[in-house]
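Written out below as structure tokens is the structure these notes cover.
FYI, it's all coordinate maths here, none of it is from the lab. The structure displayed is predicted, hence computed values, not measured ones. FYI the Cβ positions are ideal-geometry reconstructions off the backbone, even for glycines, and counts take in every protein chain you see.
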Amino acid sequence: NANIFRFRPATLPILKEWVLGVRKHILESEGYRRKLEAPKKQKFWRFDTISSKQIEHFSTTGDILLFRTANTASRAQRLVSNSQYDHVAIIIRMTAYAYIYEVNLQEGVNLTKWDDFVEKRWYSAYQKVMYRKLNMERPQELMDEVSAYAVNHCGDKYAISASKLVKRHESLDKKDDAEGYFCSELVGAVYRIM
């Protein structure tokens, strides 16, 4: 692409103010402070990418992971739910570690250490994994409550039905934990605490 962007300030003091502002922004950025590597992909700005190390270091409780699975049942689920993704999980940070808090058919509700997810290459079961940052204040008391909720519900059952896939406004206050969770219900339950 041959596009050239030229910034023409009205005066030299405005130019100096702009340059100082950009420099200040760079020096205060996470990338500069943590010495993050520059993207190696050509035209990197066209791709939304984040490394597994960045997720480990920057993720906080409440951040979301969206998954797109490559199988027929998941494609059908995406069609019925009118979504690009067929699974959702939430990051729970406890001590110095990031955990994936999710519910699945095999284990029910569970916490998986992010490092294990990466080291055991469990991400390879998915066509795509998307990370979405939740922007909000996270007081320690609230994070402790969310962590306690996550630990207390580990082992709860997985439950899915056609009605759960199409219901949009069912109240989580009336949810009977004994009937089990679907992935988005579990994330919604955590968000109700937050």
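I need the peptides 89-101, 8-20, 140-152 ranked by packing, meaning the mean over residues of other C-beta atoms within 10 angstrom, with the highest value on top.
Highest to lowest by the protection proxy: 89-101, 140-152, 8-20.
Once a ≥ b ≥ c are taken as the square roots of the eigenvalues of the Cα gyration tensor of region 60-130, is the result rounded (a/c under 1.5), prolate (a/b larger than b/c) or oblate (a/b not larger than b/c)?
Prolate.
Between region 89-132 and region 47-77, how far is it from one alpha carbon centroid to the other, in angstrom?
Between the Cα centres of region 89-132 and region 47-77 lies a distance of 9 Å.
Of 53/157; 24/133; 53/120; 35/120, which pairs sit farther than 20 Å apart, going by alpha carbon to alpha carbon? Before the final figure, lay out each step's value.
Values: 53/157 31 Å; 24/133 24 Å; 53/120 15 Å; 35/120 27 Å.
Those over the limit are 53/157; 24/133; 35/120.
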